1. Once you charge only the Cβ atoms, +1 for Lys and Arg and -1 for Asp and Glu, what is the size of the charge dipole of the chain about its Cα centre, to the nearest 20 debye?
2. Would you pull out the residues with amide H under 5 Å of VAL206's amide H, same chain only if 5 or more places away, H placed 1.01 Å from N?
3. GLU265 to LYS233: FRET efficiency via 1/(1 + (r/R0)^6), r the Cβ-Cβ distance, R0 30 Å, to the nearest 0.05?
4. Report the extension gain between ASP200 and GLU153 in nm, rounded to one decimal, defined as 0.36 nm multiplied by the number of residues separating them, less their alpha carbon distance.
5. Would you work out the charge dipole size for region 112-284 about its Cα centre, treating the Cβ of every Lys and Arg as +1 and the Cβ of every Asp and Glu as -1, and quote it to the nearest 20 debye?
6. If the chain between ALA161 and GLN3 were fully stretched, how many nm would it gain, using 0.36 nm times the residue separation less the Cα-Cα distance?
7. Quick query: amide H of ILE163 versus all other amide H atoms, modeled in the peptide plane; which residues come in under 5 Å with a sequence gap of 5 or more or a different chain?
8. Simple spin-label model, 7 Å along Cα-to-Cβ: ARG123 to SER66 in nm?
Amino acid sequence: MQQIISDFLNYLKEEKNLSLFTVKGYISDIKDFFKFLQKKKRKIEEIDYSLLREYLRLLMGEGKKSSTVARKVSSLRCFFDFLKKRKLLEDFSVSVLRCPKIRRKIPSFLTEKEMEEVLDGVRGEGFFFWRDKAMLELAYATGMRVSELVGLEVNDIDFYAEIVKVKGKRDKERLVPVGKYALSAIKEYLRWRREKVSPDEKALFVNRFGEKISDRSVRKRLKMYIDRVGIEKNVTPHTLRHSFATHLLNRGADLRVVQELLGHERLSTTQVYTHITPSRLKKVYLRSHPRA
């Protein structure tokens, strides 16, 4: 079974071109399934519908969240596709593996006022100040994922066209407009960066050693500024992405345009941001209802 897991890992990375984070999740889920098979003393070629149903009942009975079970089901579907392609399993439908319904939560976000407080709270001088200022301004200006932010290279910023080239999931590239505040901060940061970093380093945002900054460092720096301005919400880099989408939609942006900016493949993924703040709701009501 260890060899199958190793082959599956290579399949996910090389053929499916999934991110390292996703690959780790899939492998972990399949290892859990293998533990179940071992307890049942069943081999891979002995997998059948009744066994799969039993495994799903077990997962649901353990009180796991619907989102966790849904992820495990997705991992199993991918694994069975792999087994069929490698002719390690008879061709049978995996329709029995139905994902439980997931209640979508409204993403947490900062209000426009809170977002302004955070960005204005990044004050100081020198390399680290301008790096942080540029990172946070760019994250909010584009709504990019933190993995996309740390993966940026210097040449990805086009100051003339005022756009940034973003490499998203599965290495899909998209061009996203950048506002004047972010561009101004990046220009100043690059001035400091030239004095500190080797010309051979391609990464746009670097740490104190002159190497590409990590996701974790971005999270820590953001938390520092959130604490500084006294916002008590649990704010992560993804919160800035949520805020970007929410603010655009609240100001009348087209949903499909926001989908393109975020790099979502499906419109349904973007629709989770169509929640409307009470103040916006009241404005629309007062403007639109004949008896308001």
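1. It comes to approximately 1140 debye.
2. Those qualifying (amide H under 5 Å, at least 5 residues apart or on another chain) are ILE213.
3. Values: r = 29 Å, r/R0 = 0.95.
The formula returns an efficiency of 0.55 here.
4. Working: separation 47, 0.36 × 47 = 16.92 nm, distance 1.13 nm.
Extra length from ASP200 to GLU153 when fully extended: 15.8 nm.
5. Details: 34 positive and 26 negative charges, 71 e Å.
Its charge dipole is roughly 340 debye.
6. On the way: separation 158, 0.36 × 158 = 56.88 nm, distance 4.96 nm.
So the chain would gain 51.9 nm between ALA161 and GLN3.
7. ASP158, VAL178
8. Output for this residue pair reads 4.6 nm.
Quick note: the coordinates plus some simple rules give every number you see, no bench work behind them. This is a predicted model, so every value here is computed, not measured. Glycine also receives a Cβ, built like all others from the backbone with ideal geometry; neighbour counts cover every protein chain displayed.
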